[in-house]
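The values are calculated or read from the model by the stated rules, or taken from the named source; none is laboratory data. Everything quoted here is computed from the prediction, not taken from an experiment. Please note: Cβ atoms are built from the backbone with ideal geometry, for glycine as well, and neighbour counts cover all protein chains shown. Just so you know, the surface numbers come from the protein's heavy atoms only, side chains and all, with ligands and any DNA or RNA stripped out. Shrake-Rupley method; radii C 1.70, N 1.55, O 1.52, S 1.80 Å.
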Amino acid sequence: MRARPVARAQVARQEGEHLAALLSRYKLVPAKEPAADSNARADRDGDGHEDGAAARDGDIIPMPKGAPSFRYLHLGSLAYLGEQKGVMDLPIKMPFLKTLRGRLGADAWRLLETLMQVSPRTRWLVANDWIRSFLFGRNISDI
């Protein structure tokens, strides 16, 4: 069995997506300040907190019952080596797709880097930069 390298960016992205899903689904936000006339505080909305109870800095909001725990899914490793070369290692069992090297690995890296951009605008800018540098070379005149 081969040890997998720690893919910190993958873990951080997956944890962030998991946390965002939890925050939006279970509404895990600090409660508002209690009203001045409320003597009895009860958990009417079922979130595990007294309604109106304020969360102080450093308070930990417990996970709601039934919330899924985080599970990491290793998606593989990509590296661009420069000079139109790259390597891609996928966690699949197909020998012809497990590892891509050289030009094919670099093209796979470029494609995935472009597709994983946040907005359509940045996807277009990155793709445009790749195409322009392929056709005309890199602009090194302002170095």
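Okay, here's what the table says:
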| item | result |
| --- | --- |
| Index of the failed condition, Ala127 passing every other in (1) within 17 Å of Arg13 (Cβ to Cβ); (2) modelled with pLDDT of 85 or more; (3) touching a helix residue (DSSP H, G or I) at 6+ places or on another chain (Cβ under 8 Å); (4) not charged (D, E, K, R) | (1) |
| Candidate set: segment 1-28, residues that are of a type in the set (S, T, N, Q) and open to solvent by less than 60 Å² (accessible area, probe 1.4 Å); chosen: the one modelled with the lowest pLDDT | Gln10 |
| Yes/no for Asp129 being within 23 Å of the chain's Cα centre (by Cα) and either touching a residue at least 60 places away in the same chain (Cβ under 8 Å) or farther than 27 Å from Leu23 by Cα (or both) | no |
| Selection within segment 100-122 - surrounded by fewer than 15 Cβ atoms within 10 Å (Cβ to Cβ) and either basic (Lys, Arg) or in contact with a strand residue (DSSP E or B) (Cβ under 6 Å, 6 or more places away or on another chain) (or both) | Arg101, Gly102, Arg103, Arg121 |
| Condition check for Leu97: without any contact (Cβ under 8 Å) to a residue 12 or more places away in the chain, open to solvent by less than 100 Å² (accessible area, probe 1.4 Å), farther than 21 Å from Ala9 by Cβ and of a type in the set (A, V, I, L, M, F, W, C) | yes |
| Answer residue from segment 100-112, given it is within 18 Å of the chain's Cα centre (by Cα) and aliphatic (A, V, I, L, M) and is farthest from Ala9 (Cα to Cα) among those | Leu111 |
